[in-house]
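Each reported figure results from applying straightforward, stated rules to the coordinates on display, with no laboratory input. Please read all numbers here as calculations on a predicted model, not as lab measurements. Here Cβ is always computed from backbone atoms with ideal geometry, including for glycine, and neighbour counts include all displayed protein chains.
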Amino acid sequence: MRVKLAAGNWKMNGLAADLAEIDALAAAHPAPRSEVLICPPATLISLMAARAAGGPVKVGAQCCHPAESGAHTGDLSAAMLADAGASYVIVGHSERRADHGEGDDDVRAQARAALAAGLRVIVCVGETEAQRDASNTLDIISGQLAGSVPDLVTGDNLVIAYEPVWAIGTGRTPTTDQIGEVHDFIRARLEARFGAGVGRSVRILYGGSVKPGNATEIFAVSNVDGALVGGASLKATDFGAIIAALDEA
Ligand code: PGA
């Protein structure tokens, strides 16, 4: 059985005062059945890790540099993130791919570095609206999986997040049939590449405008093992409602 995962991505939001949301979340959901993760900006990782210690909330990062160390001004290595208290890192988010020109090779190198540092990786894939309109969704996903996911993964240290670019931050979501089609496809690709044991153990998250109001129907879709949540992860009440929906699924 795959342990469901509710992952929050705070993006470039959050100051120290916002850590109160973690206290509220932990108080409202002291023992969720699902794994709960928040990926704050790097400036808050160590503060959040200290504050969340002993509670249900794990802390992750939003990206990492592929190198172990060196002359890379402004960047953070996976070992630094682990040292600060992160246990996961998101790689290949579409905002990183777009804003920083990160391609599949970069994402795979980052994922490798993260695994080497003992972090679990959440590798994001997803089509643009133009790619979906051109009926290229599954080809794009297949290419991103092949290019962005490193070879040496286990069912435990790899998570895939399917995030259609056009659904992120827009309030628009695919139909449940569309989500199911892509998640089933990702599962089949993982099993084909890594074998049934690993392929069936990897969690596949849906991301893109997940809210309390649509979480229950999304979590009922086959091969949806949780969500990667942006805007709705910033407030404990909203994210808590999504965790509750996942616990019930
Ligand atoms: P959103 O972002 O929930 O605000 O759409 C999701 C994401 O980018 O991970």
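The residues on offer are Ile122, Ile90, and the sole one that is more than 13 Å from Tyr206 (Cα to Cα), in contact (Cβ under 8 Å) with a residue 40 or more places away in the chain and crowded, with 23+ Cβ neighbours inside 10 Å is Ile90.
Tyr206 falls short on exactly one of the conditions (1) assigned to a helix (DSSP H, G or I); (2) within 10 Å of the ligand (Cβ to nearest atom), and that condition is (1). Could you list, in sequence order, all residues of region 185-219 that are charged (D, E, K, R) and in contact with a helix residue (DSSP H, G or I) (Cβ under 8 Å, 6 or more places away or on another chain)? Across region 185-219, the qualifying residues are Arg187, Arg189, Glu191, Arg193, Arg200, Lys211, Glu217. The residue that is farthest from the chain's Cα centre (by Cα), counting only those in region 124-151 that are farther than 20 Å from Ala227 by Cβ and of a type in the set (A, V, I, L, M, F, W, C), is Ala134. The listed residues are Ala244, Ala196, Ala220, and the only one of them that is away from the ligand (no atom under 14 Å from the Cβ), without any contact (Cβ under 8 Å) to a residue 40 or more places away in the chain, more than 17 Å from the chain's Cα centre (by Cα) and surrounded by fewer than 20 Cβ atoms within 10 Å (Cβ to Cβ) turns out to be Ala196.
Hey, Asp18 hits all of (1) touching a residue at least 60 places away in the same chain (Cβ under 8 Å); (2) surrounded by fewer than 20 Cβ atoms within 10 Å (Cβ to Cβ); (3) under 17 Å from Cys124 (Cβ atoms) but one; which does it fall short on? Tallying (1) touching a residue at least 60 places away in the same chain (Cβ under 8 Å); (2) surrounded by fewer than 20 Cβ atoms within 10 Å (Cβ to Cβ); (3) under 17 Å from Cys124 (Cβ atoms), Asp18 fails exactly one: (3).
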